[in-house]
Amino acid sequence: MEKKTTEPMCYEACVRKLEQGERLDREQWRTLIDGYSQPRAADLARRAGVLRDRIYGKKVFVRGLIEFTNYCRNDCYYCGIRRSNRKVCRYRLTEGEILSCCRAGYALGFRTFVLQGGEDSYFTDERIVSIVQKIREEFPECAVTLSIGEKKKESYAAFREAGADRYLLRHETADADHYRQLHPPELTLENRITCLRELKRLGFQTGAGFMVGSPGQTTETLIDDMQFLEELQPEMVGIGPFIPHHDTPFREQAAGTLEQTLYLLSLVRLLLPQVLLPATTALGTIAPGGREAGILAGANVVMPNLSPENVREKYLLYDNKICTGKEAAECLEDLKASMAAIGYQVVIDRGDHISYQKERK
Ligand code: SAH
C-alpha cells in the first residue's frame with residue numbers, strides 16, 4: 001500500500017539522514033533542533049566525535065589569537081568593544097608588537113596566527129598587507145588567519161595576495177530580521193554574505209558562524225543558519241554562546257547555554273564532517289571545562305590568547321572572559337594537560353582544512 005500522507009520523520013531518522021550527507025528540509029532540521037534532550041545530546045556528541053576522529057584523529061589544532069586592536073567603527077549591539085562604549089580603554093598593537101607575539105607563539109609551538117580586531121580604519125589595507133607579509137616571511141611554515149570584519153573585495157584580494165590563508169567572518173545569523181535585531185541599520189546580512197562568498201572565491205579557508213542564544217534567536221533562525229552553512233560550505237565554523245556585556249544594549253539579556261552550544265557543535269560536525277570547528281573561549285567562559293566538552297562534542301580547534309598581557313583585559317567582547325590574567329605559555333600548558341586528560345593531543349601543525357592539506361602536498 002502506498003502512503004498517502006507524508007509522516008514527519010522521526011528524530012533518529014533525521015540524524016541518520018544527516019550522517020549520510022543528505023539534505024534535510026526545514027521540518028527535519030526542526031525535529032533535530034527542537035528534539036534536544038540530555039541523552040540525545042550525549043549520543044550526538046559521540047557520533048560527531050567518531051566522525052571527527054575518522055578525519056582528523058585525536059589531534060587538536062591550536063591557533064595563537066592576537067587581538068591587535070580594540071578600536072571599532074561598528075556598533076553591534078552585543079559586542080563589548082562597540083563604538084558607543086565609551087568606557088573601553090582603546091589600544092592598538094604596533095607591527096613590531098604583533099611580530100613579537102608571533103615569535104613568542106612560534107616558540108610555544110603555534111603554527112597559525114589569528115589576527116583579530118575591531119574594524120579599525122588606522123589599519124589600512126597597506127598596513128595589514130605589510131603585517132601579513134612580514135609574518136609569512138619570518139614564519140614561512142605558519143598560516144595567517146585574519147578576522148577583521150567586512151572589507152571591500154579588493155582589500156580581501158590584497159590580503160590573500162600578501163599571503164593570508166584563512167579569514168574568519170561569522171555570519172552571526174542567516175535571518176535578515178534577526179540580523180537587524182543584532183546590528184545597527186548600516187550593517188546588513190546581505191553585505192556580510194557578499195563578503196563571505198568573496199572570501200571563498202578568493203581561496204581563503206573561510207569561517208562563518210554564529211553565537212548561540214543571541215537575543216531574538218529561535219529554532220527558525222537556527223534552521224536558517226544550518227541551511228546557510230550547508231550552502232556556503234565554509235572550511236571553519238565559529239560557534240560560541242552569546243554572553244552579555246555590561247556596557248552594551250544587551251546587558252540584561254540571558255547568555256546562551258553550554259548544552260545548546262554543544263548540541264549545535266555536534267550538529268555542525270555531522271553537517272560538515274571536515275570542518276575546522278573551534279571550541280571557543282566563550283564556551284570556556286560560560287562553564288568550567290566548556291572547551292573540553294566542546295572537543296568531546298565534535299570540535300577540533302582551540303584558540304588560546306597570544307595578545308600581550310597588558311592589553312588582554314581591554315579586549316572584552318563579553319563579561320568574565322577567561323585567561324585574561326594568564327600568560328600565553330601558562331594557558332597553553334593548561335590546555336595541553338586538559339586535552340590530554342580527555343584523550344586528545346594538542347599538535348604543532350598549521351592545522352589546515354583537510355582538503356587544503358592535500359592541495360599543499
Ligand atoms: N570585527 C571582527 C571580529 C569580531 S569579534 C568581525 O566583525 O568579524 C569575533 C566574534 O565574537 C564575533 O563575530 C561575535 O560572534 C563574537 N562576539 C561578539 N560579542 C560577543 C558576545 N557578547 N558574546 C559572545 N560572542 C561575542
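Some points to look at:
- For segment 232-241, a residue qualifies if it is crowded, with 17+ Cβ neighbours inside 10 Å and away from the ligand (no atom under 14 Å from the Cβ), and the qualifying residues are 232, 235.
- Filter result for residue 97 (more than 24 Å from residue 280 (Cβ to Cβ) and in contact (Cβ under 8 Å) with a residue 40 or more places away in the chain): yes
- When segment 64-77 is limited to residues that are touching a strand residue (DSSP E or B) at 6+ places or on another chain (Cβ under 7 Å) and open to solvent by 10 Å² or more (accessible area, probe 1.4 Å), the one that is farthest from residue 132 (Cα to Cα) turns out to be 71.
- Hey, residue 314 under 16 Å from residue 108 (Cβ atoms) and open to solvent by 30 Å² or more (accessible area, probe 1.4 Å) or not: no
- Residue count, segment 208-224 (criterion: of a type outside the set (A, V, I, L, M) and assigned to a helix (DSSP H, G or I)): 4
- With respect to the conditions (1) within 30 Å of residue 220 (Cβ to Cβ); (2) in contact with a Lys or Arg (Cβ under 8 Å, 6 or more places away or on another chain); (3) open to solvent by 20 Å² or more (accessible area, probe 1.4 Å), residue 52 falls short on a single one, namely (3).
- Residues in segment 109-118 that are in a loop (DSSP other than H, G, I, E, B) and crowded, with 16+ Cβ neighbours inside 10 Å were compared, and the one that is nearest to the ligand (Cβ to nearest atom) is 118.
- Sub-6 Å Cβ pairs linking a first residue in segment 316-334 that is farther than 10 Å from residue 305 by Cα to a second residue that is surrounded by fewer than 18 Cβ atoms within 10 Å (Cβ to Cβ), at least 6 apart or interchain, are 319/246, ordered by first then second residue.
Every residue, every condition in (1) surrounded by fewer than 23 Cβ atoms within 10 Å (Cβ to Cβ); (2) assigned to a loop (DSSP other than H, G, I, E, B); (3) in contact (Cβ under 8 Å) with a residue 12 or more places away in the chain; (4) among the polar types (S, T, N, Q), yes or no:
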| site | (1), (2), (3), (4) |
| --- | --- |
| 227 | yes, no, yes, yes |
| 230 | yes, no, yes, no |
| 254 | yes, yes, yes, no |
| 266 | no, no, yes, yes |
| 294 | no, no, yes, no |
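- The set of residues in segment 208-231 being under 17 Å from the mean Cα position of the chain (by Cα) and within 15 Å of the ligand (Cβ to nearest atom) consists of 208, 209, 210, 211, 212, 213, 214, 222, 225, 228, 229.
Every residue, every condition in (1) farther than 27 Å from residue 356 by Cα; (2) not in a loop (DSSP other than H, G, I, E, B), yes or no:
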site	(1), (2)
6	yes, no
16	yes, yes
22	no, no
32	yes, yes
39	yes, yes
42	yes, yes
48	no, yes
51	no, yes
54	no, yes
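- For segment 119-152, the set of residues classified as away from the ligand (no atom under 16 Å from the Cβ), closer than 21 Å to residue 198 by Cα and touching a residue at least 40 places away in the same chain (Cβ under 8 Å) consists of 143 only.
- Residues of segment 119-139 that are open to solvent by 40 Å² or more (accessible area, probe 1.4 Å) and either farther than 18 Å from residue 163 by Cα or of a type in the set (Ser, Thr, Tyr) (or both): 121, 122, 124.
- Test result for residue 92, open to solvent by 80 Å² or more (accessible area, probe 1.4 Å), within 23 Å of residue 164 (Cα to Cα), away from the ligand (no atom under 15 Å from the Cβ) and not hydrophobic (A, V, I, L, M, F, W, C): no
- Scanning segment 190-207 for residues being outside any strand (DSSP E or B) and within 12 Å of the ligand (Cβ to nearest atom) gives a total of 5.
- Among the candidates 272, 187, residue that is within 12 Å of the ligand (Cβ to nearest atom) and hydrophobic (A, V, I, L, M, F, W, C): 187
- Selection count, segment 317-361, where residues are open to solvent by 70 Å² or more (accessible area, probe 1.4 Å) and aliphatic (A, V, I, L, M): 2
- Looking across segment 184-218 at every residue that is in contact (Cβ under 8 Å) with a residue 60 or more places away in the chain and crowded, with 20+ Cβ neighbours inside 10 Å, the one that is farthest from residue 75 (Cα to Cα) is identified as 205.
- Scanning segment 68-88 for residues that are within 9 Å of the ligand (Cβ to nearest atom) and charged (D, E, K, R) returns a single hit, 82.
- Meets criteria (closer than 22 Å to residue 238 by Cβ, more than 21 Å from the chain's Cα centre (by Cα) and within 16 Å of the ligand (Cβ to nearest atom)) for residue 155: yes
The values are calculated or read from the model by the stated rules, or taken from the named source; none is laboratory data. Predicted, not measured: the structure shown is a model, and the values here were computed from it. Note: ideal-geometry Cβ built from the backbone for every residue, glycine included; neighbour counts use all protein chains shown. Quick note on the areas: whole protein, heavy atoms, side chains included, nothing else; ligands and nucleic acids left out. Shrake-Rupley method; radii C 1.70, N 1.55, O 1.52, S 1.80 Å.
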